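Q: Structure incoming, see below.
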Amino acid sequence: PKAPPEQFNFAAHLLALNQARGEKVAYIDDLGTLTYAELEHRIRSFASSLLRLGLRREERILVAMLDTVDLPVVFLGALYAGVVPVLVNTLLTADDYAYMIGHSRAQLVVTSGPLLDKLRAAVTTSGTSLRLLVSQPAARDAAADGAPGVPGAPGAPGAHGAPGDLDLDALLAEPPAAAPADTHVDDIAFWLYSSGSTGRPKGTVHTHGNLHWTAELYAKPILGIRESDVVFSAAKLFFAYGLGNALTFPLSVGATTVLMAERATCDAIFARLTRHKPTLFCGVPTLFLAMLASPALPARADVALRVCTSAGEALPQQVGERFTAHFGAEILDGIGSTEMLHIFLSNRPGEVVYGTTGVPVPGYDVALRDETGALVPDGEIGDLYVKGPSTALLYWRNRDKTRATFLGDWMKTGDKYQRLPTGHYVYAGRSDDMLKVSGQYVAPVEVEIVLQEHECVLEAAVIGKVDPSGLMRTCAFVVLREGHAPGDHLVLALQAFVKGRLAPHKYPREIAFVTELPKTATGKIQRFRLREGG
Ligand code: 3SK
C-alpha cells in the first residue's frame, strides 16, 4: 500500500475520496440516514464552529458520545480543524471523566443528551468551568429505526440542558469551513484511553497517518472491505476496534455503516441484521455466544452476512464453528490493541483456523520473546511484541509507561501467545494481572479496592475464571467482617455496590465467601493460588 503524503489530514482525505458519492448513504442510525454529501457538510460546519468557539490547533476536546451520526461528525470535524478529539467510553463514572478532563486539559466537552448529567458532574468535579456541547439529534427521515426511548431523541430522558450549554444541531447550521487544517501525517490527530493493571487509564496518542494505515493494511486486504458493503459493529465507536470498524474502514471505501446507540443486546443486533442486512458484522466472543444461545437467532436466509470479525478476547473454537454452520459466514478472529489502533494478527477469509488468532497481517511484524528478550521457539509461550506503522506515539504525560511499552520500533502488547508449527498464533493469557472480560480490560486491584470499601468486607481478591464456554468471567473471593453472614443477598448487594462505583463491565459475575485469602510471608495476596483453586 501507498504511504500517505507528508501533509495529510485524515478527515480531508476521506472527504476527497468520497467526493463522487454525494447521494450515497454513508450512515444509518436510529434516527435515519445521512448521505456522504450531508456528512461532508456537517463535518466542515462542525470544524468551523470549533474555530469560532475559540478552539485552536492541537487543543483537546473530550468526546463522550453514543453511536449516532453525530459522533463521526464531531470526530472528523475536529480532525478537519486540527483540533484533537479524546474519545472516551460512555460507560465510565463521573470521577473517571473528571480525571480525563484534567489529564487531557480538554477545552470543551461534547456529549449526548442521555449522558449530560454525568458529564456535567464530571466538569464540576474537575474544578474547571468547561462548556458542554450537547448532541440531541432529531429524527431525519422515514428510515429511522424508531426504537422507543432512542437516546438523543427530542425529550429523551436525561437531557437536562442548562443556560451555558451549546447545542450541536445549532452549530451544524453554521457555514462550513473552506479548507482543512494543513496537518502533517505525524501530527497528533486524536487520543483514546487504554486501561492498565495499576493506576489511571493511559491517554494513547494517535496520528492522522495511523488511521490511514489500519484501513490499508487490515480492512482492505484482509476483510476485503468494498464500496458495496454494509457494515455494522457491535463494538462502539469509542473503542479502537469500533472506530476502525464503523468509521475508518467503511469511509475509506465509500461503504454504508449502521450505527446503534443502545446497548448491544442480542435483540438489538438481530433487529439490525434483519432490517439493514449488513454484509460485514463486527462482534466480540461473548456476543457471538449469546447470539447462538438466543431463541430469536435469525435464520440464514434473513440476513446477508458476507464475513464477520471478532476481537477483544480469544474466540472459542466451537463458537466460531457453530456460527459458520448456522450463517454460512466465517468469523475472522484477530487481535489488536488501543496502542496499535486495530488488528495486526488475524485469520483470513477462506483460511480460518478456529481456536487460533491466525497469522500476522502483512505490514506488521510480530515476535514472541522470553523475559530476557530472546525469541522463543514454536510451541513455547512467549510475550507478544508487534511493530507496524499504526503504532501510537506515546502515553500522554506518562514517561515510565511509555518507555516500558514502546520499545524502539516494537510495542510490548502484554499478551502471551504460542506459535504453532503451521505459523498460526494461539492466545495464552495476559502477561500482567489484567483480565479481559467481554472484550474490555478489568484490573483486579481496582475491583478489590471497591469491594473492601463495603462495610461487610474485610478483604477481597479478584481473579479471572474461564467458564464452560471458554470465556473469561470476573470472580471475587471475599472474607467477611465478624458479625456478617454469607448468602445470596450479600452477593447481590456486593455486585450492586461495585456496579454503582465502577463501569458496569467490572463487577464480579461470581462471588465466593472464604475465611481467609492465600498470602505470601510478606502478606501479598497469591492470586495464582486462587486461580489454581488452592
Ligand atoms: O481487543 C482487540 O483485539 C482490539 C482489536 C482492534 C482494535 C483494538 C483492540 C483493543
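The values are calculated or read from the model by the stated rules, or taken from the named source; none is laboratory data. From a predicted model like this one, the values you see are computed outputs, not experimental measurements. Ideal geometry is used to build each Cβ from the backbone, glycine not excepted, and the neighbour counts take in all protein chains shown. Heavy atoms of the whole protein, side chains included, go into the accessibility calculation; ligands, DNA and RNA do not. Shrake-Rupley method; radii C 1.70, N 1.55, O 1.52, S 1.80 Å.
Q: For the stretch 7-34, name all the residues that are of a type in the set (A, V, I, L, M) and either within 22 Å of Ala138 (Cβ to Cβ) or touching an Asp or Glu at 6+ places or on another chain (Cβ under 6 Å) (or both).
A: Leu15, Val25, Ala26, Ile28, Leu31, Leu34 - these are the residues of the stretch 7-34 that are of a type in the set (A, V, I, L, M) and either within 22 Å of Ala138 (Cβ to Cβ) or touching an Asp or Glu at 6+ places or on another chain (Cβ under 6 Å) (or both).
Q: In this structure, does Arg403 turn out to be touching a strand residue (DSSP E or B) at 6+ places or on another chain (Cβ under 7 Å) and open to solvent by 50 Å² or more (accessible area, probe 1.4 Å)?
A: Numbers: touching a strand residue (DSSP E or B) at 6+ places or on another chain (Cβ under 7 Å): no; open to solvent by 50 Å² or more (accessible area, probe 1.4 Å): yes.
No; evaluated as a whole, the condition is false for this residue.
Q: Which one of the conditions (1) free of Cβ contacts under 8 Å to residues at least 40 places away in the same chain; (2) open to solvent by 30 Å² or more (accessible area, probe 1.4 Å); (3) within 16 Å of the ligand (Cβ to nearest atom) does Asn347 fail to meet, given that it meets all the rest?
A: So the condition that Asn347 fails would be (2).
Q: Yes or no: Leu251 within 16 Å of the ligand (Cβ to nearest atom), open to solvent by less than 20 Å² (accessible area, probe 1.4 Å) and of a type outside the set (S, T, N, Q)? Write out each step before concluding.
A: Details: within 16 Å of the ligand (Cβ to nearest atom): no; open to solvent by less than 20 Å² (accessible area, probe 1.4 Å): yes; of a type outside the set (S, T, N, Q): yes.
Spelling it out, it is not the case that Leu251 is within 16 Å of the ligand (Cβ to nearest atom), open to solvent by less than 20 Å² (accessible area, probe 1.4 Å) and of a type outside the set (S, T, N, Q).
Q: Which of the residues that make up the stretch 173-227 are assigned to a loop (DSSP other than H, G, I, E, B) and of a type in the set (A, V, I, L, M, F, W, C)? I'd like the intermediate steps shown before the answer.
A: The initial filter retains those residues of the stretch 173-227 that are assigned to a loop (DSSP other than H, G, I, E, B), namely 173-183, 185-187, 195-201, 224-227.
Once the filter is applied, which keeps residues that are assigned to a loop (DSSP other than H, G, I, E, B) and of a type in the set (A, V, I, L, M, F, W, C), the stretch 173-227 yields Ala173, Ala177, Ala178, Ala179, Ala181, Val185, Ile225.
Q: Given the structure, is Tyr27 over 18 Å from the mean Cα position of the chain (by Cα) and crowded, with 24+ Cβ neighbours inside 10 Å? Break it down into steps so the answer makes sense when it comes.
A: Numbers: over 18 Å from the mean Cα position of the chain (by Cα): yes; crowded, with 24+ Cβ neighbours inside 10 Å: yes.
Answer is yes for this residue.
Q: Among the residues of the stretch 69-112, which ones are among the hydroxyl-bearing types (Ser, Thr, Tyr) and open to solvent by 10 Å² or more (accessible area, probe 1.4 Å)?
A: Going through the stretch 69-112, the residues among the hydroxyl-bearing types (Ser, Thr, Tyr) turn out to be 80, 90, 93, 97, 99, 104, 111-112.
Of everything in the stretch 69-112, those that are among the hydroxyl-bearing types (Ser, Thr, Tyr) and open to solvent by 10 Å² or more (accessible area, probe 1.4 Å) turn out to be Tyr80, Thr90, Thr93, Tyr99.
Q: Please list, ordered by residue number, the strands (runs of 3 or more DSSP E) wholly in the stretch 281-347 having 1 or more residues that are touching a Cys at 6+ places or on another chain (Cβ under 7 Å).
A: Values: elements: 307-310, 330-336, 343-346.
Per the criteria, 307-310, 330-336.
Q: Can you tell me how many residues within the stretch 365-379 are more than 30 Å from Ser469 (Cβ to Cβ) and either part of a loop (DSSP other than H, G, I, E, B) or open to solvent by 30 Å² or more (accessible area, probe 1.4 Å) (or both)? Break it down stepwise before answering.
A: Going through the stretch 365-379, the residues more than 30 Å from Ser469 (Cβ to Cβ) turn out to be 365, 367, 369-375, 377.
Next, from what is left, pick out any that are either part of a loop (DSSP other than H, G, I, E, B) or open to solvent by 30 Å² or more (accessible area, probe 1.4 Å) (or both): 365, 369-375, 377.
Counting residues in the stretch 365-379 that are more than 30 Å from Ser469 (Cβ to Cβ) and either part of a loop (DSSP other than H, G, I, E, B) or open to solvent by 30 Å² or more (accessible area, probe 1.4 Å) (or both) gives 9.
Q: Do we find that Val445 is of a type outside the set (Phe, Trp, Tyr), surrounded by fewer than 19 Cβ atoms within 10 Å (Cβ to Cβ) and part of a helix (DSSP H, G or I) in this structure? Show your work before the answer.
A: On the way: of a type outside the set (Phe, Trp, Tyr): yes; surrounded by fewer than 19 Cβ atoms within 10 Å (Cβ to Cβ): yes; part of a helix (DSSP H, G or I): yes.
Spelling it out, Val445 is indeed of a type outside the set (Phe, Trp, Tyr), surrounded by fewer than 19 Cβ atoms within 10 Å (Cβ to Cβ) and part of a helix (DSSP H, G or I).
Q: Give all pairs with beta carbons closer than 6 Å in which a residue from the stretch 430-442 that is at negative phi meets a residue that is of a type in the set (Ser, Thr, Tyr) and within 12 Å of the ligand (Cβ to nearest atom); count only pairs at least 6 apart in sequence or on separate chains.
A: Hits for this filter: Met434/Tyr441; Tyr441/Ser195.
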